[in-house]
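Every number here is computed from the coordinates shown, using simple stated rules; none is lab data. Remember, it's a predicted structure, so these values are computed and weren't measured experimentally.
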Amino acid sequence: MMWWAALGIFVFIIAFFLQIFWWTPLQKRKGQSDEHLNKPLKPSKISKLKKKELIVNYQELSKKKQFYTEPPISRDNYYRSLLVKLITDNTLILDTETTGLDEKAEIIEVSIIDLKGNVLLDTLIKPKRKIPVDAINIHGITNEMVKDAPLWEDIYKEFRKIVKSADLVFIYNERYDKRLIMQTCRLSEVPSPTFKSACVMKLMAQWNGEKKRNGEYLFKSLDFIARLRKVQIEGQKHRSLTDCKTVLSIINSFLNL
């Protein structure tokens with residue numbers, strides 16, 4: 001009997017200490033864990049929460065006001081502010097159509113407009129070589145259409161004066177168009193003009209946010225971005241003036257938020 005009494009006392013003591021040092025603090029910690037969801041948290045404290053506690057549905061928590069974060073500037077407003085910083089009263093938009101993509105390709109149409117939509121230059125250009133069928137299938141500019149058009153050297157001075165006078169020239173695919181300007185100038189034996197430009201395609205790739213496997217932003221066509229921005233394309237697609245106006249409409253879709 002003495003042995004059983006001693007065992008009973010020992011079990012009672014163990015249970016007593018478990019109640020004090022384990023069960024009560026555990027309930028308290030659980031209560032605190034539930035309680036913190038109902039209190040607003042400062043942004044500085046959110047990082048201190050365990051990672052698994054942050055893997056939650058943001059919209060549901062926002063509706064229940066279970067935690068607080070400073071609302072970040074929207075993606076559209078961020079790019080609006082960026083465009084506002086870039087744009088001046090003398091910002092232009094340029095686009096070209098060409099005979100192809102290779103090192104022998106040349107410009108067969110060029111258009112430049114200002115941000116009010118005024119057309120500063122819009123002309124077909126007679127190339128040194130024939131326009132290949134695959135290029136005609138894209139923009140629809142035939143050899144018959146350019147047979148009486150001016151040569152690049154004929155419009156070069158006007159083109160050079162316009163782009164060099166601009167504070168900034170927006171181009172949808174800046175790298176490609178500037179390369180074709182250089183190639184066409186070389187074929188026409190005139191110096192390639194230098195001017196400040198910005199690539200709208202790169203800007204829209206960053207805005208869209210889709211990335212390649214290597215982490216770089218994925219470039220999208222002008223038509224694709226126009227659909228995302230709910231911009232209506234007016235005129236024949238893949239013609240330089242139409243593309244200029246589409247770029248302007250995309251820019252305005254941000255500026256007029």
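Points to keep in mind about this one:
- Gyration tensor (alpha-carbon) shape descriptor, the range 146-206, a/c threshold 1.5: prolate
- Span from the the range 150-184 Cα centroid across to the the range 87-122 one, whole angstrom: 7
- Three-way shape label, the range 104-257, alpha-carbon gyration tensor, a/c 1.5: prolate
- Percent of beta bridges antiparallel (DSSP, the range 76-255, rounded to nearest 5): 65
- Restraint check, LYS126/LYS237; LYS164/LYS230; LYS157/LYS237, Cα-Cα greater than 24 Å: LYS164/LYS230; LYS157/LYS237
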